[in-house]
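These notes concern the structure reproduced below.
The values are calculated or read from the model by the stated rules, or taken from the named source; none is laboratory data. Since this is a predicted model, take the numbers as computed values, not measurements. Reconstructed Cβ throughout: ideal geometry from the backbone, glycine too, with neighbour counts over all protein chains shown.
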Amino acid sequence: MSTLAQLPKHFSSDVWAVLRELFQHSFHVTLIGGATRDFIMNESLSNDLDFEIRHKDSIEGEKWEYFLNNFFQELSKKFPVEKLAYNVYKIKLTSCELEFSSPRLEIFRADEHGHSNFDCVFSSDHSYDKAFKRRDFTCNAIGLEIRGEAPQSWNVVDPFNGLNDIANKRLHYCSDDFTKDPVRFLRAIRFHLKLQFELSNALVASFRSMNLIGLSTYYLFSENKKSNSLLFFNEFFHYVNKFELILSKTMASLCYLGNVKFKSAKNEIEIFMQSSYQGHITKEEIQEQAAIFGIKKKIAQSLYTFMISLKRLDEEFLELIKTQDFQQVKNLPDFLFAHSVVNFIDAYPESAELAMSLVDKKVSLGDIGEIHIEVEHSERHLLRSYLLLRSGAIIT
C-alpha cells in the first residue's frame, strides 16, 4: 500500500490554487472518501476529490452555514462554484472536480427508512470520530488533514481503523447507523465485488436488520454499473433471499436478475435484452418490465422479439454444429433476414446496433464455445462464418 501522506504531492497546480484560498481564510481541509482509499491501495489519484473543511474558529449551526455561503460566493469570482445540498460546494477544474463539505452529524429519524431519512447538525469543528461516523465503511473513512502546503502539515486521520481493514481486504461499517440507509446494502455488495474485499461477519449480520422496502430500482441499476461486476444482481438477491428481506413490489419483480448469467451488463437495455434472451422475461411481462427499465414499450417489444428470434437461431445452429449438416447451414441467411428482423433494424437502427453488439461468441453464443472445446477445423470455420453472417445483418 502507498503512504497516504505523499498524496498532496500529486495535486495539480489548479487544485493548490483553490486550497490556498481556503488556507488564507483560516480554513484547513481534510481529504476523505474514495480518493484516500484508492491512493492507499494503488497510488492512483482520483479525478473527484472530496474535502471536509474546518475553521480555526468554532462556529455552529446557521452561523457556520452563513459563513460558508459567504466565503464560497466570494470564491466564485475566481473559480466556478456550484452549491449542492447539505452545505456541499463543488468546483469544476480542468484537471478534476473538487467538493467541499461541512463536517456534519446525521441524526436519523426513527420511523423512516430511506436514503435521506436524517437531519443534519453542522459545525466548523466537529471531531473526526463524530463527523466520520456518518460514512458507510471504514475504508472510506480515512482522512488526510491538510493545514498548509508544507508536508509537515499533512496528517493521516483514521478513527475507525480503516487502514487495517484495507490491509486485510475487509469491508466493515463505521457505526450501527449503517443499517438505517438501505442504499448501503447495495454499496456493500458493490465494494465487495469491485475491491474484492471480504464482508466482515458483523457487516453480513447487519443485513438481517435492514429495511429495504424503500429501495428503488434507480439505486439498484446505479450501484450495479459502479460495481463493474457481472455478479452484482446474483449477490444482491442471494442476501435478500437468505435473510428473507422485504422489497417493494417493483423491486421484487426483478428477482429473476439473480439467475441471469450475464456476459455483459453495461446498461438497462443490455440487462433487459439478456434477460429476454435467457427466458427470464415472458411476453406477458414485457410492458411491466419496460417501464421498470425505462425503455419505451414499443422498443422493448421489438427488442424482445429480436432476442427471442436470435435465441431460436442459436439453438438451431447449435444442433447443426453437432450434426455438421452443412447443407442446412446454407439456408441460415434466409432466417437472418426474416421480415420481422429487417423491420426492426430499419425502425430502430440504434437499438439494433446495440443488440448486435451483444450477439457475439462471448454473449449469445457463450454456451457453444463451452460445449465444443475440441472442435474440428471445419466446425471452427462454420462458427466464424455464422458470426460474420450475423454481423452482416446489421450492415446490409
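Screening residue 174 on (1) touching a Lys or Arg at 6+ places or on another chain (Cβ under 6 Å); (2) at pLDDT below 95; (3) surrounded by 15 or more Cβ atoms within 10 Å (Cβ to Cβ) shows it passes everything except condition (2).
Scanning segment 86-101 for residues that are in a strand (DSSP E or B) and either touching a residue at least 40 places away in the same chain (Cβ under 8 Å) or polar (S, T, N, Q) (or both) yields 91, 97, 98, 99, 100, 101.
Taking the criterion of being farther than 20 Å from residue 20 by Cα and among the hydrophobic types (A, V, I, L, M, F, W, C), the residues of segment 65-89 that qualify are 84, 85.
Being over 15 Å from residue 15 (Cβ atoms) and part of a strand (DSSP E or B) is the requirement here; does residue 83 meet it? So residue 83 fits the description; yes.
Checking each residue in segment 279-334 for being at pLDDT below 85 and hydroxyl-bearing (Ser, Thr, Tyr) picks out 302, 305, 309, 323.
Can you list the helices (runs of 4 or more DSSP H) found entirely within segment 145-248 that contain at least 2 residues being of a type in the set (D, E, K, R) and within 20 Å of the chain's Cα centre (by Cα)? Please lay out each step first, then the result.
Numbers: elements: 162-167, 183-195, 201-207, 217-227, 232-242.
Per the criteria, 183-195, 217-227.
Does segment 49-66 contain any residue that is of a type in the set (Lys, Arg), on the phi < 0 side of the Ramachandran plot, free of Cβ contacts under 8 Å to residues at least 12 places away in the same chain and exposed (fewer than 13 other Cβ atoms within 10 Å of the Cβ)? Lay out the reasoning, then the answer.
Kept after step one, since they are of a type in the set (Lys, Arg), are these residues of segment 49-66: 54, 56, 63.
Subsequent filtering for residues that are on the phi < 0 side of the Ramachandran plot retains 54, 56, 63.
Imposing the further condition that a residue be free of Cβ contacts under 8 Å to residues at least 12 places away in the same chain reduces the set to 63.
Checking which are exposed (fewer than 13 other Cβ atoms within 10 Å of the Cβ) leaves us with 63.
Within segment 49-66 (the criterion being of a type in the set (Lys, Arg), on the phi < 0 side of the Ramachandran plot, free of Cβ contacts under 8 Å to residues at least 12 places away in the same chain and exposed (fewer than 13 other Cβ atoms within 10 Å of the Cβ)), the answer is yes, since at least one residue qualifies.
Determine, yes or no, whether residue 210 is farther than 22 Å from residue 301 by Cα and either of a type outside the set (Phe, Trp, Tyr) or assigned by TED's automatic domain parsing to the domain that holds residue 162 (or both). Yes: the conditions hold for residue 210.
Being assigned to a helix (DSSP H, G or I) and at pLDDT below 95 is a condition met by no residue of segment 252-266. Entry remark, segment 29-48: residues being farther than 15 Å from residue 141 by Cα, touching a strand residue (DSSP E or B) at 6+ places or on another chain (Cβ under 9 Å) and surrounded by 12 or more Cβ atoms within 10 Å (Cβ to Cβ) number 1 in total. Among the residues of segment 1-15, which ones are surrounded by 13 or more Cβ atoms within 10 Å (Cβ to Cβ) and either assigned to a helix (DSSP H, G or I) or touching a Gly at 6+ places or on another chain (Cβ under 6 Å) (or both)? Across segment 1-15, the qualifying residues are 4, 5, 6, 7, 8, 14, 15. When residues of segment 103-144 are filtered for being modelled with pLDDT of 90 or more, under 25 Å from the mean Cα position of the chain (by Cα) and of a type in the set (Ser, Thr, Tyr), how many remain? Qualifying residue count for the region: 1.
Pick from segment 16-28 the residues that are hydrophobic (A, V, I, L, M, F, W, C), assigned to a helix (DSSP H, G or I) and touching a Phe, Trp or Tyr at 6+ places or on another chain (Cβ under 9 Å): which of them is surrounded by the most Cβ atoms within 10 Å (Cβ to Cβ)?
19
In the set 153, 209, only one residue is closer than 30 Å to residue 21 by Cα and among the hydroxyl-bearing types (Ser, Thr, Tyr); that residue is 153.
Scanning segment 230-249 for residues that are at pLDDT 95 or above and within 20 Å of residue 195 (Cα to Cα) gives 231, 232, 233, 234, 235, 236, 237, 238, 239.
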